[in-house]
Every structure is written in C-alpha cells, then in structure tokens.
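Notes follow the structure.
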C-alpha cells in the first residue's frame, strides 16, 4: 500500500470519508446503503472503494512507485496501472506546456544533446542523440522541448515557432 505524503494528500481524506463530492466539491453528501457517496447538490454518486483505489493510484504516481508494485498491492493488473500512469503523465505534460506559455522577464535559450554512443562525431552531427531545446527564466522556471531534427541546410531557429508571450530579453 502507498504510504507517506500525508501532507500532500490530506485533502483526499474528505473524499475518502465521504464528506466531500468529487464532482462539484460540495460538502453536502450522504452515504448510501451500497457504500456509495451521493452528492445532494449535483446528484452524482461514486463508489467509496473505487474512489479509494483511484486516490491510491494517484498517490503511487506522485511518489513514483512502480506500476507493477502498486498493481500487486491493489490486486489489479499492471497494465491497468501503467495505462493510468501514462494518462497522468500526459496530463502533467500538457500542464507543463501551458506553464511554459507564462514565462516572462529575462530568458536564456540553449540546446543540448542527450543519449547516443560516445564513439564518432560529437555535438550536432552525432547520430542517435535527442536534441532538447530549453528556455530558462532567470530565478524561475525552466521550459524544455524536444526538437525533432536539425538539418545543416536548415539550421535550428528558436524564433521560428511562436514562443511564450511576455518575453522581454533573450540571451
């Protein structure tokens, strides 16, 4: 079972105890005979056991617990947990993309190469390397984006794409 991070997920206790609606956030809920929580405001209901399982999966994702271990703890298939982890990862990715649109102030630009074997050519011409372009807000956030390809005849131009609004200085 997932343990720890009680301060991060302390708000989940209201959901798990059936005191708060997961759909509208109302505290006007009642427990039914089937162990469901029904909201008196929006009229929707949710199983407490499913809710507990979903919050446990969310805690496992947050704590970076492997999907196979969480699956064995919950008695579920590892593919199910992996699928949920992938969906959560996509949500985090899209949230980070939206966060990158809010950079402001002094911004530094840089590109780096990751992976590949060390043999042979290095840098831009090396094969099998992933190119990552980054924006660094001075004393703030970092925004990174993988670049699909950089061809010598078509150099990488960071200004070609629409970048976050509100940039005042680029280094």
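Nothing in this text is a laboratory measurement; each read-out follows from the coordinates by a stated rule. The shown structure was predicted, so the numbers you read here are calculated from the model rather than taken from an experiment. We place every Cβ from the backbone using ideal geometry, glycine too, and count neighbours over all the protein chains shown.
If R0 is taken as 35 Å, the Cβ-Cβ distance between residue 142 and residue 63 corresponds to a FRET efficiency of 0.95. Subtracting the Cα-Cα distance of residue 95 and residue 19 from their residue separation scaled by 0.36 nm leaves 24.5 nm. Using C-alpha pairs below 8 Å separated by at least 6 residues, the relative contact order for segment 12-99 is 15 percent. Label positions at residue 132 and residue 104, each projected 7 Å from the Cα along the C-beta direction, are separated by 2.7 nm. Label separation (residue 86 vs residue 52): 2.9 nm, computed from points 7 Å beyond Cα along the C-beta direction. On full extension, the segment bounded by residue 41 and residue 78 gains 9.7 nm, given 0.36 nm per residue less the C-alpha separation.
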